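Trainee: The structure under discussion is supplied below as structure tokens; questions concerning it will follow.
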Amino acid sequence: MATGREYEPVDYELQPPHEGLGFQHKWYETKCGELLDKVHQQPVVISGEIPVESACELLVKNGISAAPVWDKEKRVFVGMFDFRDVVTYVLLGLGKNGKPDDATYEVEELFRRARAHEPVPAKLAADLSQKNPFYSVMEETPILQLVEIFGKGIHRVAVTDGDKLKGIISQSTVMQFLYGQIQKYPDLVETVGKTLAETGLGSKNVITAHGNTVVLDALKLMTDNDVSSIGILDPSGAIVANLSMSDIKWAMKATRFALLYETCLHFVSFIDQEQGMMAGKDKLPVFDVTETSTVGYALGKMVATRAHRVWVVDRARGNPVSVVSLTDIYRILLPAAQA
């Protein structure tokens, strides 16, 4: 099923590799520097001194989900700042999440400032969620290392030359590259030709919320369950929308903060309306697959829509039974590379 504007069907069927293409060069030997040419945007760096709210605005302005934070006093990148950190910051400030028992000095100071309604510098919030640390590689690094890192749940790495940031490579960047190369490599063809059930990808527990759930409660549900997105259900239990941590960007302006106390369906409708006015199109629909779908079919949908996940549903009822993310697919690509 899909909500929002319908898209033209895409042929995700993968054909056996043709002879004579030459397989001497392994896909995982591709250097990170080669992928930088596919990143059509100069890297954005967040100054560690600016407030969290300004850092969030910087992400929105540049249409990105994360950026490294530079501490000019220490002259180092102190971490990545993403919308998951924004969610953690908001939940701490509103008292939805308590201060961790093993809080560092930085978290102690952030907690104090947030509760006192004082400006919080971005360097205190960098990787506040502890889910997106700053990883750096060199241009000569093979993407095999990225597959290993992305399989751990990291969404992006920095490519550096000494202290100079050359660019950011994300999970999506590498996956789009690999999807375009699948036909050349028998090991990739074999892996993505398997069904989700055969690879075990359709067996992960799915976290959902009903449409009348308050947005703040839904965000806390994500942090409590260590997920970055949840499915929104209608009264029958069918999935009708997707709510991600990155959606908090739509509520970070002072005039919109009250949206966090609205229901999820109201919030998603607001986002649809805003995106329609900004880009002249609806928000991307919720895409789903079944356990009998191939990995290549699921991956094709994610690549085509630049989504990070697809929902696995019971086709008869439309109820979500699992979710498959790019992280999951990286985990099954790694054994193929190491074979």
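The values are calculated or read from the model by the stated rules, or taken from the named source; none is laboratory data. Everything numeric in this text was worked out from a predicted model, so none of it was measured. Positions of Cβ are generated from backbone atoms using ideal geometry, with glycine treated the same way; all protein chains shown enter the neighbour counts.
Trainee: Checking Glu198 against (1) surrounded by 15 or more Cβ atoms within 10 Å (Cβ to Cβ); (2) free of Cβ contacts under 8 Å to residues at least 12 places away in the same chain, only one condition comes out false. Which one?
Mentor: Evaluating Glu198 over (1) surrounded by 15 or more Cβ atoms within 10 Å (Cβ to Cβ); (2) free of Cβ contacts under 8 Å to residues at least 12 places away in the same chain leaves (1) as the failure.
Trainee: Answer yes or no as to whether Asp71 is under 22 Å from Ala254 (Cβ atoms) and in contact (Cβ under 8 Å) with a residue 40 or more places away in the chain. Write out each step before concluding.
Mentor: On the way: under 22 Å from Ala254 (Cβ atoms): no; in contact (Cβ under 8 Å) with a residue 40 or more places away in the chain: yes.
No; evaluated as a whole, the condition is false for this residue.
Trainee: Something else about it: Give the residue that is farthest from His155 (Cα to Cα), with candidates limited to residues of segment 306-329 that are under 13 Å from the mean Cα position of the chain (by Cα) and hydroxyl-bearing (Ser, Thr, Tyr).
Mentor: Ser325
Trainee: Another one. Residues of segment 186-195 being surrounded by 20 or more Cβ atoms within 10 Å (Cβ to Cβ) and under 10 Å from Trp27 (Cα atoms), which ones? Please lay out each step first, then the result.
Mentor: Here is the first cut: in segment 186-195, the ones surrounded by 20 or more Cβ atoms within 10 Å (Cβ to Cβ) are 188, 191-192.
Result: Leu188, single match.
Trainee: Further question: Would you mind telling me which numbered condition in (1) surrounded by fewer than 23 Cβ atoms within 10 Å (Cβ to Cβ); (2) modelled with pLDDT under 90; (3) not in a helix (DSSP H, G or I) Glu108 fails?
Mentor: Unmet condition: (3).
Trainee: Follow-up. Any residue in segment 122-135 that is without any contact (Cβ under 8 Å) to a residue 40 or more places away in the chain, farther than 12 Å from Leu36 by Cβ and out of contact with any helix residue (DSSP H, G or I) (no Cβ under 7 Å at 6 or more places or on another chain)?
Mentor: yes
Trainee: Continuing with this model, one more query. Which members of segment 137-185 meet the condition of being surrounded by fewer than 21 Cβ atoms within 10 Å (Cβ to Cβ) and among the hydroxyl-bearing types (Ser, Thr, Tyr)?
Mentor: Matches in segment 137-185: Thr141, Thr160, Ser172, Thr173, Tyr179, Tyr185.
Trainee: If you go through segment 291-339 one residue at a time, how many are free of Cβ contacts under 8 Å to residues at least 40 places away in the same chain, charged (D, E, K, R) and under 15 Å from Ser229 (Cβ atoms)? Give the steps one after another, and end with the answer.
Mentor: Of segment 291-339, the ones free of Cβ contacts under 8 Å to residues at least 40 places away in the same chain are 307, 310, 314-316, 325, 335, 338.
Retained after the next criterion (residues that are charged (D, E, K, R)): 314-315.
Retained after the next criterion (residues that are under 15 Å from Ser229 (Cβ atoms)): none.
Number satisfying all stated conditions: 0.
Trainee: Related question: Which condition number does Ile149 fail, the rest of (1) under 26 Å from Asp217 (Cα atoms); (2) in a helix (DSSP H, G or I); (3) in contact with a Phe, Trp or Tyr (Cβ under 8 Å, 6 or more places away or on another chain); (4) not charged (D, E, K, R) being met?
Mentor: (1)
Trainee: Mind telling me which of the residues Ser228, Ser203, Ser244, Ser236 ends up being under 19 Å from Phe270 (Cβ atoms) and polar (S, T, N, Q)? Quick ask: steps written out before the conclusion?
Mentor: Working: Ser228 fails: under 19 Å from Phe270 (Cβ atoms); Ser203 fails: under 19 Å from Phe270 (Cβ atoms); Ser236 fails: under 19 Å from Phe270 (Cβ atoms).
The unique qualifying residue is Ser244.
Trainee: Tell me the residue from Asp187, Asp234 that is in the same structural domain as Leu326 (by TED's automatic domain parsing), more than 21 Å from the chain's Cα centre (by Cα) and among the charged types (D, E, K, R), please.
Mentor: Details: Asp187 fails: in the same structural domain as Leu326 (by TED's automatic domain parsing).
The unique qualifying residue is Asp234.
Trainee: Within segment 303-334, how many residues are hydroxyl-bearing (Ser, Thr, Tyr) and touching a Leu at 6+ places or on another chain (Cβ under 7 Å)? Quick ask: steps written out before the conclusion?
Mentor: Of all residues in segment 303-334, those hydroxyl-bearing (Ser, Thr, Tyr) come to 305, 322, 325, 327, 330.
Remaining after also requiring touching a Leu at 6+ places or on another chain (Cβ under 7 Å): 305.
Qualifying residue count, segment 303-334: 1.
Trainee: Any residue in segment 158-179 that's without any contact (Cβ under 8 Å) to a residue 40 or more places away in the chain: show its pairings with residues that are assigned to a strand (DSSP E or B) and among the polar types (S, T, N, Q) at Cβ separation under 6 Å, as long as the two are six or more apart or on different chains.
Mentor: Short answer, once both residue conditions are applied: Thr160/Ser136.
Trainee: What number of residues within segment 198-242 satisfy the criterion of being part of a strand (DSSP E or B) and farther than 22 Å from Ala298 by Cβ?
Mentor: First, pick out the residues of segment 198-242 that are part of a strand (DSSP E or B): 208-210, 214, 229-233, 239-242.
When the remaining residues are screened for being farther than 22 Å from Ala298 by Cβ, the result is 209-210, 214.
Going through segment 198-242 one residue at a time, the tally reaches 3.
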